[in-house]
Structures are given as C-alpha cells and as structure tokens.
Amino acid sequence: MKFNKYILPAFAILVFVQLYIPLKMVLDSEKVLKGQELKFKTAPIDPTDPFRGKYIVLSFEENEAIVPAFQKWRKGELAYLGFTSDTDGFAIIDTVYSFKPSSTTDFLEVPVTRVLRVPNNDNKQKIRFNYPFNRYYMEESKAYAAEVFYRNSIRDSTKVTYAVVSINNGKAILSDVMCNGVSLKDLVDVN
Amino acid sequence: MSLQKNIKELLEAGVISPEIADNIQNYYKTKGGNPHNRLFVVFGVIGALLVGLGIILIVAHNWDNLSKEIKTILAFIPLLIGQGSCFFTLSKKPNSIAWRESSATFLFFAIGSCIALVGQIYNLPSNLSSFILTWMLLALPLVYILRSAAVSLFYLIGINFYLIQGDYWLNPVSINYTYWLLFLAIFPFYYYLFKSKPKSNFTNFHHWLIPLSLVLGLGTFAKGTETLMLVNFLSLLGAFYLFSQLKNIKNIFPRSNSYFIIGALGTIGILLGLSFFEIWDEIYELDYGFTKYIESLEFLVAIPLILIASYLLYMHWQQKTINSVFPIGFIFLIFIPIFILGHFSAAAVFLVNLLLLAIGIFTIRKGVQTSNLGTLNLGLLSIAALICCRFFDLELSFVLRGVIFILVGIGFFLANYWMLKQTQTNEIQ
C-alpha cells in the first residue's frame, strides 16, 4: 500500500469530514431551537441507551388527529403538523398537511403509525403518530428518580407535566421536561 | 521465552554449537518480528481501547451541571485529541505500528463519542442504525490512511452490529445493500494483510471475522423462500471448508484454520439441525412450488455460491487432494437432491442422519490414517452430537441413555489414547 504523498492530504480531508458531521448536527439543532417553542403535555417508561446514557421515554397526549377520509392516509406516510396553543398554553394540532408546507417553517414532520376509523363517521379518519422527541436524557443517578417522580405526577391531577419543544421546518428539539413550571432535573435534585 | 530456554538447554548439553544457536534465534526474529515490539503494539492498542471506552462511559454519565455550549465544546475535545495524535503519528512516526494502531483506535472511539454526546446534549431522536452507520463511515478511511488492523477489526464488528440493528430479523427481510458496500470496502485491506502479514495475529482475527460476517450477511437474502437458504448456507460453508484445504492456503494459517473450523462445524451444525423431523415437516408444509423457487432471490444467490464451491472442489481434483476433503467438502452438492426429496418424502430426514453418520465415520478414519488428533476428535464429536440429538427424538429410558453416554465417552477416551500411543510409537521408530 504505497501512496505516502497522498496520505496527509487524505487525512486532512478526513479530519474535515469528521468535524463537519457532528458540527452540522449542532448547527441544525441550534437552528431548530430558534423556531416555534411549544409545550407538549406528557402522559412515561426507564431504559438505557448504551452510547448516550440514561433517559426517560416520554409519550404525549396530543398524538392523534382527525382528518378527512378522502385523503386516504396510510401507515408509514409522512404527515406535516401545524400547532397552536390552547387556553392553558399547551400545544394542540391545528393543521395536518400531507405535503411539506412552503408558506411556513413552523411545522413538524411525523410518520403516521396508525390509521383508524372514526365511529359513526365515514367522512373522517383518525391518524396517530409518534413524536421524534420522545427521549429526555438525564444524569444516570437522577434518571430513575425522575421517572418515579414523573409517574407520580401523572397520577396527581394538581400537577401538570409537559415537554418544552422547539420546532422548525419539520424538525424538533426537546429542551426540557417541566412539572408545574419547574424543570424535572431541579425537582429531582430538591426531592 | 520458551525458545530461549530450549536453545540455552541445547547449548549446555552440547547438542548445538553457539553459531547454530545464533542462527536459530535470528531466524525466529526475522520470521515472527521482535516480540517486544509486538507486546508494545498490544499494550498500546489495549491502552487506547481502555481510554476510548472510558470516554464512552463518561458520555453515558450525563453532565447536567454544565451548560449546553460547554458540553458541546467538551464533546469535540476527544475527537480533536484523536485527530492530533493521528497527525503526529503520520508526520513523525509513520512506520511505528504501535503509534499507528493506538492513535487510530483512540480516534475510532472518539468519533463515536462525539456523535453520541451531541445527540445526548440536544436530545436528538434516537436511531442506533444510522448512528453506527455514520460512525463506521467516518472511521473507515482510518483503516487505509493509518493502515490500522485494530480499527479494521472494530469496523467489521461495527458493521455487523449495524446489520442486526436494522430489519435483519423481519420476515421477509430486505436486502441491506449498504451493509454489503461497507463489507466490500474493507476487502482491499484484508487482502493487504493477507499478502503482507500472513502470520500476524491481527490477520488471524480477520480470518475469523470475515467469514463470520459473510455468514451473517448471507441471511439478508432470505426474502420469501427461506427454506432455500439451507442450500445457500451449506454452499457458503462448503466453500470455506474447501478453500481452507487448498494446498497453498493451508500453510498460511498460523495456528487455527478459521475457514476450516467455520466450514466444517457450520456444515455439521446445519445437518444436525436438519436431522430432526420437525424441520422437514416445515419444509414440506412451506412447499413454495418449483416456479416460485426458480424466480426467488434465494435461488439467484444459490447459483454463484454453488458454482464457487464447485470450482473449489474442481481445484482439489486438479491438485489431487479430492480425497482429503471427502466427505464434508461434498455435502453442499449431496444436500441438493436431499432438499428436493424433502418436499415429497420423509426419507430426506433419514438420509441426513446417514450423511452425518458417514461424516463421523469417514472423519474418524481420516484422523486415524493421518494420525491427526483434531480430525479424529471432529469425527467422534459428530457421532456423539448425532447420538445426543437422537435422544430428543427417541423414547429411551434414562438407564439406557446413561449407558450409551458412558460408551461414547469410553470410545472417545480409547480412540484418543490409542492415537497417542500410535504417535509415540512412530516417533520412537
């Protein structure tokens, strides 16, 4: 394998590519964080990702939408969701597009996981989806305690738990999980 | 060290002269390389591996108390250190194996940790497959630029992990073309190791990982007529076995011939599985029909595999070593009519059992003829495994099973004892 004079330039290109990929991930994420900020009410589970540490899995209340049946949605198709806020300030689905909207960047791209009939209404379909921001990474010593606190707070009607998410041009970044306005990380520390 | 001791012993006993002792030492030094350098390489790689793994563990700890910006900067530090050490190696120590392997290994893990940390900091949606794919693609050039065999091994493990993380276990599975491209990308380096360092331990590890990756990757072609994959796997394993026994290949493997072990044990293992009625019941029930078989992807893959294995068999015939590969080297061909028969008749299961018995007997005979303990034990193991499998089928009393086990055990002991005695007698003569 004799190509000595090309090795250093090849290595330089490799260094550039190796730095570019994670940097692009950072820049894309920062761009999404500047987008529309929404609060999603959560409805959890405590696993471990061996490469990225402990996290809690989040599931959300607002995870389905009623759409006209003539649109004939199918499982696996991509839906583009536009959101607005309810009276309490939590995100609710406002519009569902079957194509990427060009007039706004405040939308989220999600795959449809289930298509259901609406009882007594053949003109409507119900589509369900999983949000991509379903993992919240925490320090491993706090993750279990957070999960327990979280489960208890879901059952307690005086507590409202929600995820703070920024969306931009189909992508989303989860910034924090809050309970009654206080970050879960801080609540676990206090308790 | 034992060589040094032996040489010293022979010198003191006057068996060899000091000149001959020097010649022997010089010969082994040039043949195997300086053992101290090898040790340094090993410690260097292990050290880099531990540091790299330590970084991964720290990644998993989650640094809650730091700001996002600080975490992001810290995420890039191992990557920059790794790149710096590789640059130093390329410019100042390009011929040092220890430096090349250690710095490349460190950078390999630093790439993974950087991407993982950024994903964790921004709580990015998880996709283990795409994470591993990105990691391996960024690490692949290190194999060629730094000529790092260690990174090549990690790369092979990584792409196999990527393969099974995808939809490998779905039925029908979809062909993972990306995996095959990734696998082919490492072949030039494997060939380079094979040619330039045939006796190296790194090369030996590749001799294990490459065929195992091929076996795993073959599973991606099970698309609809999965039963035909039995023919494909036996052809691939047969090809490994035949390849391993070629005259100019046999001597290349320093200690264990991985292609031989995987080929022989894999073939016998599949046949043992096929020695049960239940498998043939399923083949009979899942009869896809001739047309569907011929039109299937599995059939398309079977053709080149059978041709390659047949060509290797032909090479043995040309080298006049055809007897040495009998019977295991022929199984892939013999199995084809048995497989066809299995769609019509239960006789196929009896034939497989007879085939296994024949393999056992012929292998024992070959072991005795060549005074090879390994071959003898392979034959004995085949028969013992066959007997064990039949225990699950046949209704025998515990006492009878116990007696048969004892007899098989005594048979093992006596055969090995007799073989050792023969070997000692031949040595004395």
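The values are calculated or read from the model by the stated rules, or taken from the named source; none is laboratory data. What you are looking at is a predicted structure, and each value in this text was computed from that prediction instead of being measured. Note that we place each Cβ from the backbone using ideal geometry, even for glycine, and neighbour counts take in every protein chain shown. Accessible surface is based on the protein model in full, side chains and every heavy atom, while ligands, DNA and RNA are left aside. Shrake-Rupley method; radii C 1.70, N 1.55, O 1.52, S 1.80 Å.
General observations
- For the stretch B:231-309, accessible area per residue (1.4 Å probe, heavy atoms of protein chains only), Å²: 47
- Straight-distance crosslink candidates among lysines, where the alpha carbon sits under 21 Å from residue B:250 and sequence neighbours closer than 8 are dropped: B:31, B:195, B:197, B:199, B:320, B:366
- Summed over both chains, the contact between A and B buries some 3600 Å² of accessible surface at a probe radius of 1.4 Å.
- Rg/Rh (Cα only; Kirkwood hydrodynamic radius) as it applies to the stretch B:274-429: 1.06
- Each helix, a run of at least 4 DSSP H residues, gives -39500 (n - 2.57); summed and divided by the residues of chain B, these come to -26000 deg cm²/dmol at 222 nm.
- Mean partner shielding of peptide A:24-34, defined as the number of other chain Cβ atoms within 10 Å of each residue Cβ, is 3.
- The alpha-carbon atoms of the stretch B:181-231 define a convex hull whose volume equals 80 cubic angstrom per residue.
- Whole-percent carbon and sulfur share, accessible surface of the protein assembly as shown, 1.4 Å: 64
- Taking 21 Å as the straight-line reach from the Cα of residue B:92, the lysines in range (excluding those fewer than 8 positions away in the same chain) are A:2, A:5.
- Chain B - Debye-derived log10 I(q)/I(0), Cα point model, q = 0.11, 0.13, 0.14 Å⁻¹: -1.06, -1.24, -1.30
- Its alpha carbons give the stretch B:231-347 an Rg and a Dmax of 15.5, 47 Å.
- Rg to Rh, two decimals, where the stretch A:49-125 supplies the alpha carbon set and Rh follows Kirkwood: 1.04
- Rounded FRET efficiency, nearest 0.05, which uses the C-beta distance separating residue B:407 from residue B:74 and R0 of 60 Å: 0.35
- Accessible surface of residue B:281 - all protein chains present, 1.4 Å probe, nearest 10 Å²: 80
- Diffusion coefficient of the protein assembly as shown by Stokes-Einstein, Kirkwood radius over Cα pairs, 4 °C, 1.567 mPa s: 44 µm²/s.
- Computed on chain B, with alpha-carbon pairs under 8 angstrom and 6+ residues apart, the relative contact order is 10 percent.
- Solvent accessible area, Å² - residue A:122, 1.4 Å probe, full protein context: 120
- Per-residue shielding of B:89-99, expressed as the average number of other chain Cβ atoms within 10 Å of the residue Cβ, stands at 1.
- Partners for residue A:159 among lysines (Cα-Cα distance below 17 Å; same-chain residues under 8 apart left out): A:39, A:41, A:185
- Note on residue B:5: accessible area approximately 150 square angstrom, rounded to 10, probe 1.4 Å, nucleic acids and ligands left out.
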